[in-house]
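The structure under discussion appears below in the form of structure tokens.
Readers should treat all values here as calculations from the given coordinates under stated rules, not as data from a laboratory. Treat the numbers as computed from the prediction; the structure is a model and nothing was measured. Positions of Cβ are generated from backbone atoms using ideal geometry, with glycine treated the same way; all protein chains shown enter the neighbour counts.
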Amino acid sequence: MVKILCNLTEIVTKTNINWSGDYKQAARTLTFDYLAVEKSCHAGDKVTLFDDDGSILFVGQVYNCDYNSTARTFSVVCYDLLNNLLRSKAVGRFEGTAGMICSRICSQFNLISTISAGLGLQEIITTGDYTYYDVMAKAIKKAIGTDEVFNIRVKNGVNVVLDRPGGAPVHNLSNFTNIGESAFGESIEKMVNRIVVSDVDGEVVETRQNALDIARYGLFQEVEREKDTEEDDLNEKELHGIDYTAELRNCIGNTKCITGNTVAVTEPRSGFVGNFFIITDSHTWEDGKHIMNLGLQYEAR
């Protein structure tokens, strides 16, 4: 069973512990309930979650703590230290490689960046319209130079790491052993297959499109204004194809299966076989059982 410390005091709870992550949200979340005792959690307190073997899974801060007089329990919501970057607006000029920019930002929050994506120099200027996390993500995206999904997270409570698809699997999942349920879907709700760029007079100066998608699905068009500065490159609209989703539900839990890691999946009934990048995860401990749900990056096969 996992262990929770609040300001170095162990919190006694055996139910309703949930630890989750999402590559879009970035900061990992920990929620739990516990019976009212003399020493309790308060907003701003430091919370640490440990695995069965004593390794650190989560270091964060209490954001919400609510008491229910009927159940006589506290319900606590915590976010890890990356949430400070998501909540804080950035101002100024950020120059250098993506790694240099990430190191500069992380040092302001007493975090250590291990990110070294890309060697090209770049410049990002913000007057408060971006958060510190936005600046890091934009620098990384520009350095990678593709639309590849990536994940930024805090590891061991202090190290900020970059996860990208293609890593070695951390766990094997199979419908014969540890997968309870699987689900797959596809959608064109967010499709954009043509982008028209116009100047201030409404004249078209550039067109970007996916002709194959237009032929198959019809036209889904966005309009963008002509770029005036390098900063406009960071705000340009992007073509977006069909979205594929895949979920594994009610799986036997493993704490290595978190957003940013890769898992090996064998689900031959649906042809879902191979290595897949985790883009969302939710781990729940209740009555001594550890169950997890995973969202995976999935492409049509």
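Amide H contacts under 5 Å for Ala90: Gly128, Tyr130, Thr131, Tyr132, restricted to partners 5 or more places along the chain or on a different chain, H placed in the peptide plane at 1.01 Å from N. Rounded to the nearest 10 degrees, the inclination of helix 98-108 to the longest alpha-carbon principal axis of the chain is 40 degrees. Segment Ala215..Tyr67, full-extension length gain: 47.6 nm, with 0.36 nm per residue of separation and the alpha-carbon distance subtracted. Karplus-based coupling profile of the range 147-157, in residue order and whole Hz: 8, 4, 5, 9, 9, 10, 8, 9, 10, 6, x, with θ = phi - 60° in 6.51 cos²θ - 1.76 cosθ + 1.60 and x standing for Gly or Pro. In order along the range 72-82, phi translates into HN-Hα couplings of 6, 10, 9, 10, 10, 10, 10, 10, 6, 6, 5 Hz, rounded to whole numbers, per the Karplus curve 6.51 cos²θ - 1.76 cosθ + 1.60 with θ = phi - 60° and x for Gly and Pro. What distance in nm separates the simple spin-label points at Lys237 and Ile144, each placed 7 Å from Cα in the Cβ direction? Reported label-point gap for Lys237 and Ile144 is 2.3 nm.
Stretch Asn110-Asp129 to full length: gain in nm at 0.36 nm per residue minus the Cα-Cα span?
On the way: separation 19, 0.36 × 19 = 6.84 nm, distance 2.28 nm.
Full extension of this stretch gives 4.6 nm more.
Largest GNM mean-square fluctuation among Thr126, Thr207, Thr70, using the chain with Cα springs under 10 Å: Thr70. Sequentially through the range 176-193, phi angles give Karplus couplings (6.51, -1.76, 1.60; θ = phi - 60°) of 7, 10, 9, 9, x, 7, 10, 8, 9, x, 9, 8, 10, 4, 9, 5, 9, 10 Hz, Gly and Pro residues having no value and appearing as x. Contact order, relative form, for the chain: 17 percent (alpha carbon pairs under 8 Å, 6 or more residues apart, mean separation divided by residue count). For the chain, a Gaussian network of Cα nodes joined below 10 Å ranks Asp281, Asp51, Asp33 by mean-square fluctuation, and the top entry is Asp51. Dividing the mean sequence gap of close Cα pairs (under 8 Å, 6+ apart) by how many residues the range 3-80 holds gives a relative contact order of 30 percent. The value of relative contact order for the range 84-163, using C-alpha pairs under 8 Å at least six residues apart, is 36 percent. Largest GNM mean-square fluctuation among Ser40, Ser55, Ser282, using the chain with Cα springs under 10 Å: Ser55.
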